[in-house]
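Remarks on the structure that follows.
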Amino acid sequence: MGDIGKMFNPETIALIGATEREGSVGKSTLENVLASKGRKIYPVNPNRKTVLGIECYPQVGSIPEKVDLAIIATPAQTVADRVEECGKSGVEGIIIFSSGFREAGEEGKLLENRVAEIRTKYGMRIVGPNCLGIIRPNIGLNACFLKLNPEPGNIALISQIGGLGDAMVDWGSDSLIGFSLFASLGSMIDVDFGDLIDFLGDDYDTRSIMVFMEYVGNAKKFLSAARGFSRSKPMVILKPGIFKESLKAVISHTGVETGQDRVYDAAFKRVGCVRVRKVADLFAMAQVLDSTHLPRGPKLAIISNAGSLGVIAADELLSSDGTLARLSEESIQKLDAILPLSWSKNNPVDIIGDADVSRYIGAINVCLADPDVDGLLIIFAPRLAAKPGKLAEAIIEVAKKTTKPIVVTGMGGKEVQEGISSLSHHHIPAYDTPEKAVQTYLYMYKYKQNLELLYETPSELSVETMSPKFHLKALIRKARNEGSLSLNLEESLDFLRNYGIPKMRARITQSVEEAQRVAKELGYPVVLKVVSSDIQSKTEARGVMLGIASDKALKESYVGLMDHIKKSIPHARIAGIAVQKLVERIDYEIMLGCKKDREFGSVIIFGRGGTDAEIYKDFSVGLPPLNQTLARRLVEETEIYGILMGYRGKVPCDLRQLEEMIVNFSNLIVDFPEIAEMEINPIVISDGKPYALDARIVIDSNEPDRSVQYPHLAITPYPTRYIMPAILSDGTEVLMRPIRPEDEPLEHDMLTSLSEETLRERFFSVIKDITHEMLIRFCNIDYEREMAIVVEIKQAEKRRIAGIGRLIIDSGFKSGQFAVLVHDDFQGKGLGFMLLDMMIGIAQEKCLEEIYGIVLTDNRRMLRVCRRLGFFSTKMPDGISRVTLTLK
């Protein structure tokens, strides 16, 4: 029970609360479901014999056949009992329209909790409560109470609350945009964004998703599903509540407190989604969601027959971090040859008000051919020379011959609007203002950037897979037992040192003479004298000297030194300072921190450090775990990144070492759910190298949930538990481990050196072109829903992949499909058996009910391995066999 597929394509529907009362939810819903195609509808109301002439049943249990979908439209106080009846009757799924739950206060929250408990007891799926329902135009299903009848199409629209969702459906109808799904999720006590995205990922009719989100719900499930979906289908999200004041409205509306807005930004980028800020932008993006022509960069060329409109577009572009394309001299010369002498001679290209269609097309072709142009905006204001319809036809023909995106602005009356409609019909984004067109182009570029982040292969970093950590966990337990929720400076720096984060070493001595000797010994003349003002007795040391080491040891800024003294020596007063030479050696100060967000768990913060941090508020946010590529993006998203590249003659920061520090910091966070907050501030950059100067670690007052792996993370990290040595039948030692994005070169070497027979046995055809995109899909996986184990071997100090076992979990999370590939050089050594056995173990750990594979019937070696491991084989058409192993 609890099949979301049957719930969203039901053969039988029960409407609980059906009525004939005019204007009621029960009547409007019944009219909608009755219009659904080829489904049996059962009204339920104990007070009626018939509703709208159809036999009515007193309760779900009295319906003569199994119900796939029950819709509840009764008062909140009655809902739990109706859900219980559905559970006892084996209903697959329920939509609850009723409001008056969590959003209504404590009493409503208790009602909602009871409904959730009943759902868990019986295992059915629930959409709602407090929702509008679902509509699937392509299959003729309308399980909604509003009078909405959208046209069939390829865009899915998911909204938590109905207000914007139904307006968008109406707008889509007016704009000739069709929908594959409209779903209003309400309070999301069960079915949430992650469930819907998983469902739509396998839906042939859905090519893109628009989401109106008030809060994320299950962040881990959402990110996992969105990452998989966005690889092949775009997703655009509108999430209000950017500021604290506006968030209050969201909380009162839904009864849920949401996390920080910057964290949402980071999460959406991480999984390849585009976030828009305005309702108008969401509408605009609906026209380009499935565009195959995404800009390779931010550089836009603008062509206009009205110079002022071109300037407006340029202003909007530059104020939104876009870039005006710089036309080449060759392009300028070509435009000179076809445009009037008075044309603008630059970008924006003003082709003058009397431009006809041929002049437009000539300028368009020149700009599209320019290598610096990533995309093109064409602006048309009505003039006598060019007819909107003819220009639209010409632009459509040009667009068929280019891979660069074209966006159009048409300003005018009926004729212009007809031209815009024609362009939109041919998937060319067209708008009535240049501002909308520019913003759409930039959103397209952001989407392309996010996809590239998914597809980028990180470099190998000298980062150990595991660091010594168990003694540090003992340290945390000791601190908590002693009633302390924070570690001191030295303990914090020890944590960092264990994860490869270098600290600056200070030597605090007990006498002036000792400090002078140390400073002289280290070859550094600077000595700072600190005299304590809180001496308890005359016998105590009367002074403390801090020796400052040379380049190879301590390099500490004046500010950092003062902070250290204040923490180490209460009420200290400074007797003498000589730090001028020292300050000159500190090039930059940055910071690295983490904290727990209420929805996304632990997040990483990077930015400007030292005393300037609070003033500039220059920081970026990322979600662990991070690899080298993600660490670099975290740095690049700050303003201080440009300074770190070299500022006023200072040595540039060694970005590779900084990336390694950030990755190590991320690994520490992954290993320690016990940490509530952590900060390294400042990290000083000296001679290009980063060092931790000051650190603070705060322990979470709550013990982490030990029943859940990584309870503090929204993204599943690299599963080190699957790393294990193994020995092949010929005695060769190998390492079995999960695949990593960094494995792309090794994967390429393996696949391109396979025999045609082995390729055919694995992929059912001989693949000639192994592309970067294909390899990234193989290597950069979501460990929550897919696992790939590679067998690594070293030959003459060169690493190779000898074999790969892969398990892909089906969207229902009940079964998984395996695939095993062994390189020709290592076949016949027991490797296939080992990999398939590993896949079975992983499937068992993930509580799957079965594991299966599709094998060529003439691949006798693989079928023999499957039989040895207990699989049952069934021959299928086209020379293939399905092998299945039941796990439950």
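The values are calculated or read from the model by the stated rules, or taken from the named source; none is laboratory data. Note that the coordinates shown come from a computational prediction; the quantities given were computed from them, not determined experimentally. Here Cβ is always computed from backbone atoms with ideal geometry, including for glycine, and neighbour counts include all displayed protein chains. Heavy atoms of the whole protein, side chains included, go into the accessibility calculation; ligands, DNA and RNA do not. Shrake-Rupley method; radii C 1.70, N 1.55, O 1.52, S 1.80 Å.
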Relative to the present Cα-Cα distance, how much length would full extension add between Asp612 and Asp265 at 0.36 nm per residue of separation?
122.5 nm
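Roughly speaking, what is the stretch gain from Leu110 to Phe764, that is 0.36 nm per residue apart minus the C-alpha to C-alpha distance, in nm to one decimal?
Details: separation 654, 0.36 × 654 = 235.44 nm, distance 5.49 nm.
Gain on stretching Leu110 to Phe764: 230.0 nm.
Rounding to the nearest 20 debye, state how big the charge dipole of the stretch 326-443 is about its Cα centre with +1 on each Lys and Arg Cβ and -1 on each Asp and Glu Cβ. Mind dumping the intermediate values first?
Details: 12 positive and 15 negative charges, 40 e Å.
In debye, rounded to 20, the stretch 326-443 gives about 200.
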Provide Trp343, Trp171 ordered by accessible surface of protein heavy atoms (probe 1.4 Å), highest first.
Trp171, Trp343
Which of the residue pairs Lys446/Lys595; Lys299/Lys448; Lys299/Lys401 have a Cα-Cα distance greater than 25 Å in the structure shown?
Lys446/Lys595
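In the stretch 115-246, what % of DSSP beta bridges are antiparallel (nearest 5)?
Restricted to the stretch 115-246, the bridges split so that about 30 percent are antiparallel.
With a 1.4 Å probe and every protein chain kept in, tell me what percent of the accessible surface of the chain is carbon plus sulfur. Write out the running numbers ahead of the final one.
On the way: 19730 of 38860 Å².
Roughly 51 percent of what the probe reaches on the chain is carbon or sulfur.
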Using Cα positions and a limit of under 20 Å, work out the lysines in reach of Lys414, with same-chain residues fewer than 8 apart set aside.
Lys387, Lys390, Lys436
Rounded to the nearest 10 Å², the accessible area of Cys847 using a 1.4 Å probe with every protein chain kept is 80 Å²
Projected onto the charge dipole of the stretch 636-683 (+1 at Lys/Arg Cβ, -1 at Asp/Glu Cβ, origin at the Cα centre), which of Pro682, Leu655, Met645 gives the Cα projection farthest towards the positive end?
Met645
Obtain the nm distance between the two label points defined at Ser328 and Arg21 by a simple spin-label model: each point lies 7 Å from its Cα along the Cα-to-C-beta direction.
7.3 nm
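Given a Förster distance of 56 angstrom, what is the FRET efficiency for Lys414 paired with Lys473, based on the Cβ-Cβ distance and rounded to 0.05? Intermediate values should be presented prior to the final figure.
Working: r = 72 Å, r/R0 = 1.28.
My answer for the efficiency is 0.20.
Skip the ligands, DNA and RNA, and give the accessible area per residue of the chain with a 1.4 Å probe, whole Å².
Numbers: 38860 Å² over 888 residues.
I get 44 Å² per residue for this part.
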Can you say what percent of the DSSP beta bridges in the stretch 10-140, counting only those with both residues inside, are antiparallel? Round to 5.
10 percent
Using protein chains only and a probe of 1.4 angstrom, how many square angstrom of Met862 are accessible, to the nearest 10?
30 Å²
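Counting helices only, and only those DSSP H runs with n ≥ 4, report the 222 nm mean residue ellipticity of the chain as the sum of -39,500 (n - 2.57) divided by its residues, in deg cm²/dmol to the nearest 500.
Using -39500 (n - 2.57) per qualifying helix, the result is -11000 deg cm²/dmol.
Between Glu797 and Ser753, what length comes free when the chain is fully extended (0.36 nm per residue of separation minus the Cα-Cα distance, one decimal in nm)?
Numbers: separation 44, 0.36 × 44 = 15.84 nm, distance 1.88 nm.
Separation in residues times 0.36 nm, less the Cα-Cα distance, equals 14.0 nm.
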Of Ala70, Gly53, Ile95, which is farthest on the positive side of the dipole of the stretch 41-101, counting Cα position, with +1 on Lys and Arg Cβ, -1 on Asp and Glu Cβ, and the Cα centre as origin?
Gly53
Treating only the Cβ atoms of Lys and Arg (+1) and Asp and Glu (-1) as charged, compute the dipole magnitude of the chain about its Cα centre; round to the nearest 20 debye.
1160 debye
Given that just one value was derived from the coordinates, which of (i) 103, 79, 66; (ii) 92, 65, 55; (iii) 134, 74, 50 is Cα extents along the principal axes in Å?
(i)
Strictly over 31 Å apart at the Cα level, which of Lys503/Lys617; Lys40/Lys875; Lys37/Lys88 would you flag in this model?
Lys40/Lys875
Where in the stretch 424-442 does the amide nitrogen come within less than 12 Å of the point 7 Å from the Cα of Asp315, taken along Cα to Cβ?
435
With a 24 Å threshold on alpha-carbon distance, the violating pairs from Lys794/Lys846; Lys269/Lys814; Lys239/Lys269; Lys829/Lys888; Lys473/Lys814 are Lys794/Lys846; Lys269/Lys814; Lys829/Lys888; Lys473/Lys814
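How would His427, His772 line up by accessible area, probe 1.4 Å, largest first?
Working: His427 120, His772 75 Å².
Most to least solvent-accessible, the answer reads His427, His772.
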Report, for the chain, the % of DSSP beta bridges that are antiparallel, rounded to 5.
60 percent
Can you give me the distance in nm between label points at Asp687 and Glu850, each placed 7 Å from the Cα along the Cα-to-Cβ direction?
6.5 nm
What is the magnitude of the charge dipole of the stretch 743-888 about its Cα centre, with +1 placed on the Cβ of each Lys and Arg, -1 on the Cβ of each Asp and Glu, and no other charges, expressed in debye to the nearest 20?
640 debye
Cα-projected label distance for Lys387 with Asp858, points at 7 Å along beta-carbon direction, nm
6.2 nm
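Would you please put 297-310, 709-722 in order of how densely packed they are, using the mean number of other Cβ atoms within 10 angstrom per residue and starting with the highest?
Working: 297-310: 22.1, 709-722: 17.4.
Ranked from most to least packed, the peptides come out as 297-310, 709-722.
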